[in-house]
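The values are calculated or read from the model by the stated rules, or taken from the named source; none is laboratory data. Everything numeric here is computed off the predicted structure, so don't read it as measured data. Neighbour counts are summed over all protein chains in view; Cβ atoms, including those assigned to glycine, are modelled from backbone coordinates with ideal geometry.
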Amino acid sequence: MSIRIKRRLAHFPIFLLLLIIALIVLLPVVWMMISSFKPAKEIISYPPTFFAKTFSLENYQRLAKRLKVFVYIKNSCIYATLTTIPSVFICSLAGYAFARFQFKGRNVLFLMVLATMMIPFQVIMIPLFLVVKTMGMYDSYAGLVLPKLAVAISIFMMRSAFVALPKELEEAGRIDGVGEFGLYWKIMMPQVMPTMITMLILGVNAAWNDLMWPLLVTSSTKMRTLANGLALFIGSDTSEYGPAFAGALYSILPMLVLYIIGQKYFVEGTVTSGLKG
Amino acid sequence: MEMSIGKKAWKHRLTPYLFIAPVMLLLLAFNIGPLLGCFGISLFDITTTMNNTTFLGLGNFKEVFTDWRFWNSLKVTVKWTLVEVPAQLIIAIALAGLLTKNTKSNKIFRAIYFMPIICSATATGIMWKLILHSNVGYVTYLCRLMGLGKINFMNDSSITIYVIVFMSVWKTFGISTTILIGAMQNVPTSLYEAADIDNCGKFGQFFHITIPGIKPTLWFLIMTRVIGSFQVFDIVYTTTGGGPNYTTETLVSYIYTRGFEINRMGYASALSIVLLAIVMVITIIMYTAMLRRETD
């Protein structure tokens, strides 16, 4: 036997182990996706089936009847858009200032930003809820979105990206006579686009799947997001697995597409925020 | 002329503050303000509608320390941390070690393991609840095929907590693995070459070079996972809601029920401050331990 084949054989058990773990990750999701197209009876039949014996849209019709699922999806889209694009923009503004300007109080203020990173959201959720309620923003898009805009880790990562840019770039811009905002907008910001896209993609995923804040701050069915509307639905009636699976498919599919397109950004964002944070 | 120069200098000085103003105001209103407010609210008996507030002083805190459900939720949270964090890290270290090289198959495995990051706690909860269903679940079916009896995964006071821990590990082990792979790839190759000369095996290399090489990342990961464990809520809410018999009720789940189901904002705030204190103490202890290790 050649050495190469011997090596291959030695690696086989490892490959098998990795494959089994991959199946434990993938099969439940695939099974749920397939099951959402099974008739309700088949979902709770015993023994369980993997592939659908009969294809049906029954669960999707029942879900649409029971919940305003398309309103939920619309709200999730709004929540995911409004908490990310403006957030990345203002966090990059701040990151830029902390990276490229000398000003009084810079270190203290930056330290303050870092300190807010240590406050778990769960600790401030009760007073935050009361603040939002007092401001009259309960059960509104403003109440959902505004508290989620300033993200410390985002400011931190934007600052690191801007710090790394060469001084010459800035000077060239100044000689051309663009204003301070023009310098940021036209010259510096395009240089950190990869970081901004990373923050955007991670932010969209986090907002789309966010359960707690929408759960606290919305009460009417027309304000619910998909993640919390579905959670309340399965909480109230555990026997409705079919429609719940259909809802879960709506919740997973858009992010799966995003993951397949932007996997690089998911990984990079996780690794850099993991290493530097 | 003088005026305009003065104006310009003033404007120049103001610029950075304008850049940070939006973020700073938002942090003040929605992070720092509420944090300070939390201390105030914890001294009152207060409901979500905020009428009928009475000042209690430290009454809420006194109640916290004699509240068996608080102690129970703390116990559940500690148990969660002691099981979830080591399980997750051991799996992640092993997998990162196996997947460090950038081969094609490794890249595919990494992409698959990382995928659950896109599954919401809601979707994860629904999915596993039916897979582990005590009558019609797939795992129940497999258990019967293997001759194991019926296991009531989702409703058994002694095992349900571990079942939810499993779901949490399922959802996040890929993230830890990815972070560790990043760290392992940064260990200088010259160290491995030296080890090759010293003739220590693959395992020796892993424990003597790789692990010490990724220590800072490992510490960081342990710290964030422990702190994260003290904030567990989503997966509990979407699977058991704290049951059976409060055996899966974590600290944050308990805060949620006090605040938003029983409508006692003041008491829930007092619980939040206890949570903050616990998280702070853990952070400080682990951080100093990390610094001490690094200087050794």
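Below, the figures for the structure above:
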| item | result |
| --- | --- |
| Total residues in segment A:1-42, condition more than 11 Å from chain B (Cβ to nearest Cβ), surrounded by 11 or more Cβ atoms within 10 Å (Cβ to Cβ) and under 22 Å from B:Y113 (Cα atoms) | 1 |
| Subset of segment B:130-161 that is among the hydrophobic types (A, V, I, L, M, F, W, C) and in a loop (DSSP other than H, G, I, E, B) - its residue that is nearest to the other protein chains (Cβ to nearest Cβ) | B:V136 |
| Options B:G57, B:G97, B:G33: the member that is within 14 Å of another protein chain (Cβ to nearest Cβ) and farther than 27 Å from A:A115 by Cβ | B:G97 |
| Residue in segment A:261-272 that is modelled with the highest pLDDT, counting only those that are more than 9 Å from chain B (Cβ to nearest Cβ) and surrounded by fewer than 19 Cβ atoms within 10 Å (Cβ to Cβ) | A:I261 |
| In segment B:162-192, the residues that are among the β-branched types (V, I, T) and within 11 Å of another protein chain (Cβ to nearest Cβ) | B:V169, B:T172, B:I175, B:T177, B:T178, B:I179, B:I181 |
| Residue within segment B:69-88 that is at pLDDT 90 or above, more than 9 Å from chain A (Cβ to nearest Cβ) and not in a helix (DSSP H, G or I) present | no |
| Residue match in segment B:109-128 (condition: assigned to a loop (DSSP other than H, G, I, E, B) and out of contact with any strand residue (DSSP E or B) (no Cβ under 8 Å at 6 or more places or on another chain)) | yes |
| Condition met for A:M137 (on the phi < 0 side of the Ramachandran plot, outside any helix (DSSP H, G or I) and more than 8 Å from chain B (Cβ to nearest Cβ)) | yes |
| Residues being over 24 Å from the mean Cα position of the chain (by Cα) and either surrounded by fewer than 17 Cβ atoms within 10 Å (Cβ to Cβ) or in the same structural domain as B:I273 (by TED's automatic domain parsing) (or both) - total across segment B:25-40 | 3 |
| Exclusive hit being in the same structural domain as B:K107 (by TED's automatic domain parsing), buried (at least 21 other Cβ atoms within 10 Å of the Cβ), touching an Asp or Glu at 6+ places or on another chain (Cβ under 8 Å) and closer than 30 Å to B:V274 by Cβ, set B:S176, B:S229 | B:S229 |
| A:L211 vs. criteria farther than 17 Å from A:K74 by Cβ, touching a helix residue (DSSP H, G or I) at 6+ places or on another chain (Cβ under 6 Å) and within 9 Å of chain B (Cβ to nearest Cβ) | yes |
| Some residue of segment B:247-257 being more than 15 Å from the chain's Cα centre (by Cα) and either outside the structural domain of B:A289 (by TED's automatic domain parsing) or among the hydrophobic types (A, V, I, L, M, F, W, C) (or both) | yes |
| Which listed residue is over 18 Å from B:V274 (Cα atoms) and at the interface with another protein chain (Cβ under 7 Å from one of its Cβ atoms), from B:I41, B:I117, B:I91 | B:I117 |
| Residue in segment B:212-222 that is touching a Cys at 6+ places or on another chain (Cβ under 9 Å), free of Cβ contacts under 8 Å to residues at least 24 places away in the same chain and outside any loop (DSSP other than H, G, I, E, B) present | no |
| Segment B:223-246, subset assigned to a loop (DSSP other than H, G, I, E, B) and β-branched (V, I, T), residue modelled with the lowest pLDDT | B:T240 |
| Matching residues, segment B:93-108, being surrounded by fewer than 17 Cβ atoms within 10 Å (Cβ to Cβ) and not in a helix (DSSP H, G or I) | B:K101, B:N102, B:T103 |
| Segment A:234-253 - residue that is more than 9 Å from every other protein chain (Cβ to nearest Cβ) and part of a helix (DSSP H, G or I) and, of those, surrounded by the fewest Cβ atoms within 10 Å (Cβ to Cβ) | A:S236 |
| In segment B:247-275, the residues that are part of a helix (DSSP H, G or I), more than 15 Å from B:F233 (Cβ to Cβ) and not small (G, A, S) | B:M265, B:Y267, B:I273, B:V274 |
| Number of the condition not met by A:Q122 [criteria: (1) within 28 Å of B:M286 (Cβ to Cβ); (2) more than 8 Å from chain B (Cβ to nearest Cβ); (3) touching a residue at least 60 places away in the same chain (Cβ under 8 Å)] | (2) |
| Which listed residue is free of Cβ contacts under 8 Å to residues at least 24 places away in the same chain, in contact with a helix residue (DSSP H, G or I) (Cβ under 6 Å, 6 or more places away or on another chain) and small (G, A, S), from A:A22, A:A10 | A:A22 |
| Residue list for segment B:254-263, restricted to those being within 10 Å of chain A (Cβ to nearest Cβ) and surrounded by 18 or more Cβ atoms within 10 Å (Cβ to Cβ) | B:I255, B:Y256, B:R258, B:G259 |
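Okay, residues lined up against (1) assigned to a loop (DSSP other than H, G, I, E, B); (2) among the hydrophobic types (A, V, I, L, M, F, W, C); (3) over 30 Å from A:F156 (Cβ atoms):
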| position | (1), (2), (3) |
| --- | --- |
| A:K41 | no, no, yes |
| A:N75 | no, no, no |
| A:I78 | no, yes, no |
| A:C91 | no, yes, no |
